[in-house]
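For reference, the structure discussed in these notes is given below.
Bear in mind these aren't lab numbers, they're just calculated from the coordinates by the rules spelled out. Treat the numbers as computed from the prediction; the structure is a model and nothing was measured. Quick reminder, even Gly has a Cβ in these numbers, built from the backbone with ideal geometry, and neighbours come from all protein chains shown.
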Amino acid sequence: MSTTSLLSDVFGFDAFRPGQEEIVDAVIAGENTLAIMPTGGGKSLCFQLPALARNGVTVVISPLIALMRDQVRGLREAGVEAGALTSGNTPEETDAVWQALEAGTLKLLYMAPERLASGGTMNMLRRAGISLIAVDEAHCVSQWGHDFRPDYLRIGELKRTLGVPLAAFTATADAETREEIVEKLFGGQQPSTFLRGFDRPNIHLAFAVKDSPRNQILNFAAARKGQSGIVYCGTRAKTETLAKALSETGHRACHYHGGMEAEDRRIVERRFQQEDGLIVCATVAFGMGIDKPDIRWVAHADLPKSIEAYYQEIGRAGRDGAPAETLTLFGPDDIRYRRQQIDEGLAPPERRAADHGRLNALLGLAEALRCRRQNLLEYFGETPGPCGHCDLCEKPAEVFDGTTAVRMALSAALRTEEWFGAGHLIDILLGNATDKIQQRGHDSLPTYGVGKDYDKRQWQAIFRQMMGHDLLRPDRERHGALRMTEHARPILRGEATIELRKDTIKAARGSGPKVRMLVSEEDAPLLSALKAKRRYLAEQANAPAYIIFNDRTLIEMAEKRPMTLDEMAHIGGVGAKKLENYGRDFLEVIAGATEEVHPMRRKLAGRDEGAVYDRLMQVQASLNRGPHGADKPMSCSASMLAKVAQLRGADMEHLTRVIGDKYAERFGDAFLEVLEGN
Ligand code: ADP
Ligand code: ZN
C-alpha cells in the first residue's frame, strides 16, 4: 500500500502535516533518522506508518506507559497488530503479545526502557525479526536533562546488536541535546535530521516584568475563569501557596510537584485529565505525559530555565488547535536564580556555557523588541514574518537608542579585563568608591562615574538586556565575571547601534522588594561553584552535602577567597581532617588549578610549621648544588623536611640525628637559622 493510502485508510487523515512526509519517507527507506517536532506535531505517525509499510516488527521505546497503552489501543482499533510490554500489563496481555510475536503477526511492539535491562528481552528481540527501532522522547538519553532515563543508554547497544535502522523523536530542540542523542543512540554517526513545524499559531505569547506577581497571576486566571490552565512555578513551595490563593479566589486549583507522594501526583494528573476547568500550579515535574488537548492557558509565575523549556511548557496549551493563551513573568531574581542553578549543576563546563547561552536566548525573548513568535521561531531555525498574535505585535515596545550605555558597560568590562560581575561594573559606572574599587584602583579608570544618567536598578536592567542580546555571558570559570561575546564587537567598534527597551528600564526604577541573599551579588557565583563542588564530593562519598562543609563554611570561603591551604585552614569549619580531604578541591574552585602540594606539606597547612617548611624548601633550593653551586645536587625528602619543620629548640646534633650527616653537612647551618628565626 502507498503511504498516502495508508495515511487515509489506516489513520483516517487526508494529508500529512508539515514535515511528516519527509520523515516518513526517510524512515521507510531505512535511514537512521532524528526528527525534532514540537509536542502535538504528530510524531507518532512518523514511526507508526513506516512500521506498517516495512517488513518485520518495529519496536517502539517510550518512557510513558499511559501514552503507550493509549497508542496501542488506538492502533488496534484501526486494525493494526500492536502490543505493549510494560509493568502495567496483566499476565494475559503479556502472553498475547508473546504469542503474536511468535506467530509473526505483530507489527508494533511498544516497550518501556526498563525492559532492556533484562537479558531475556535482548534475546527475545534478537529472535523476533525486528526491522526498525523507534525511540520516542529521545531526549531522555541526555544525562543533563531532567527527563534523563538511565535505561535509554541501553538503546545504543540494542541498535548495534540488532543491526537495524533507528528513528528517534523528540520535541527538545537544543543543539547539545541533539548531539547527545546522536552520540548515545546512533553511536556518533549523524542520522538524517528533521527539524520542522515549530510554529503553534493558536498560542498567544506574552511576557511581563514581575510587579506584584501573585496579583498578576490571579488577574490572569480571573480573566479565564472556568478554563483549564497550568501555572508553572520555580519552587515547590510556590505551587502550594499559589494554588491556595487561587482556591481562595474561587477557582478550582491544586498543586503538583516532585516532592509529593506518587499516589497524590497520580490523583492530580487524573483530575486534570478528566475535569474541566481545573488549574494546576506545578513545577516542571508536571509535564511529559500530560496529554490533555484542551489546556486553554499556561502561565509562568517564574522565568523558565531556557528557551527550550519555555517552548515546551507553553506548548502544552492548545493542542486541539483552538486558541490558547500564555503569560510569562520574569524579574531580576529569576535570572539570578536560573544562573545559580546552572552554576550549581554538575554538567561539564561546555554544557554549562551553553546553558547560559540558552538562558540568554530566553532573556532575549523576554525583552524582545519585536514580534515574539518571530524571535522564538528564529531561534529554532525558521524564518517567519511577524505574527500579529503576540503582545508585542499588538502593542510594540517603546525603545531607545542604547548604544552609548551599552558601550560604556562593555568598556567597563574590558578595562577590568573581564574579571568582574555586573555589581562591580555598575559601581564603576556610577562612580561608587567602594572598598573593592579603591583597592583595585578602579576609580582611576576612564569609565569611572560616566554612567550617572541611570541609577543602579536601571543599569541592572541594561545589563540584563545586554545578556538578552547575548553581548555578555557570565563565565563560570571566573565565578560569574561577565565576558564579552563576538556579537558585542561591532557595537564596541561603533559599527553597529543597538536599541533597548524603555519600559523594563522605567519599571526598574526603585521597584520591588530587596531580596535577601546569602552573600553579595559579587560572591554569589563563587558560592554556587563551591556548592557544586560540594555536591559532587557528597555524591562521590554517598553522604549528605553538609557532611563535607556546611553552608556557613562555604559562604566564608566565597567571601574570604583563601588562595592557599594555609589560608583555607583559617576558614571556620575547616578542621585538619577536612582540610586534608577536601582543601585542595575547594581551593581549586577558588584559585583555579593549584600547584601540586606534597602530602607531607599539606599536613602542616594552617600551622606555623607550614611556613617553616616553605622556608626550609627555599634555603634547600638555594643550596641544592652547594654554597658555590658546584657540588652534586642534593635535597632532603619531603618527610625529612616536615620533621625538621616540627623540631623545637633544635641544635646541630639533634638536627643531624633527623637528617643524617650527609644532609646536615650541606644544609645544617641554613636549616638551624630558619628554625631559630621562627
Ligand atoms: P506528538 O508529536 O506530541 O507525539 P501525536 O503524535 O500524539 O503528537 O499527534 C498529535 C495529534 O495530531 C494526534 O491527535 C494525532 O492523531 C494528530 N495527527 C497526527 N498527524 C496528523 C495528520 N497528518 N492529520 C491530522 N491529524 C494528525
Ligand atoms: Zn507577534
Once the cut-off is 18 Å, how many percent of the Cα-Cα pairs in the stretch 361-483 end up in the long-distance tail? 57 percent
Please report, in cubic angstrom per residue, the volume enclosed by the convex hull of the alpha-carbon atoms of the stretch 1-115. 112 Å³
Straight-line reach only, C-alpha to C-alpha below 17 angstrom: list the aspartates and glutamates that LYS578 could link to, leaving out same-chain residues fewer than 8 apart. GLU539, ASP551, GLU556, ASP566, GLU567, GLU588
Between 0 and 90°, nearest 10: helix 332-344 axis offset from the chain longest Cα axis: 70 degrees
Within 10 Å, count the other beta carbons around each residue, average over each peptide in 297-304, 364-371, 622-629, and list them highest first. 297-304, 364-371, 622-629
Would any residue of the stretch 151-175 have its amide N under 19 Å from a label point 7 Å out along Cα→Cβ of PHE13? List them or say none. 167-172
Mind jotting down a quarter of the surface of the convex hull over the alpha carbons of the stretch 528-678, in square nanometres, one decimal? 10.2 nm²
Taking the Cα centre of each part, how many Å lie between the stretch 49-105 and the stretch 19-47? 19 Å
Straight-line reach from LYS436: which aspartates and glutamates have a Cα under 14 Å away, not including same-chain ones fewer than 8 places off? ASP427, GLU521, GLU522, ASP523, GLU559
Could you tell me the relative contact order of the chain? Use alpha-carbon pairs under 8 Å, at least six residues apart, and round to a whole percent. 8 percent
Restraint check, LYS305/LYS531; LYS560/LYS643; LYS531/LYS560; LYS43/LYS159, Cα-Cα greater than 25 Å: LYS560/LYS643
Which FRET efficiency value, to the nearest 0.05, is calculated for THR193 and ASP291 with the Förster distance at 25 angstrom and r the Cβ-Cβ distance? 0.45
Kirkwood estimate for the chain, i.e. one over the average of 1/r between Cα atoms, Å: 29.2 Å
Separation between the ALA543 and ARG270 pseudo-spin-labels, each 7 Å from Cα along Cα→Cβ, expressed in nm? 4.4 nm
Eligible lysines near LYS632 by straight Cα distance, threshold 21 Å, same-chain separation 8 or greater: LYS662
What shape does the stretch 203-394 have by the C-alpha gyration tensor, where a ≥ b ≥ c are the square roots of the eigenvalues, rounded means a/c under 1.5, and otherwise prolate means a/b greater than b/c and oblate the rest? oblate
Quick check: the angle from helix 175-185's long axis to the longest principal axis of the chain, C-alpha only, nearest 10 degrees? 80 degrees
Say R0 is 41 Å: what FRET efficiency, to the nearest 0.05, do LYS436 and ALA175 get from their beta-carbon distance? 0.65
In units of 2.2 N^0.38 Å, what is the alpha-carbon radius of gyration of the stretch 608-677? 0.99
When DSSP assigns beta bridges and you keep just the ones with both residues in the chain, what percent turn out antiparallel, to the nearest 5? 15 percent
By how many degrees, between 0 and 90 and to the nearest 10, does the Cα long axis of helix 91-103 differ from the longest principal axis of the chain? 80 degrees
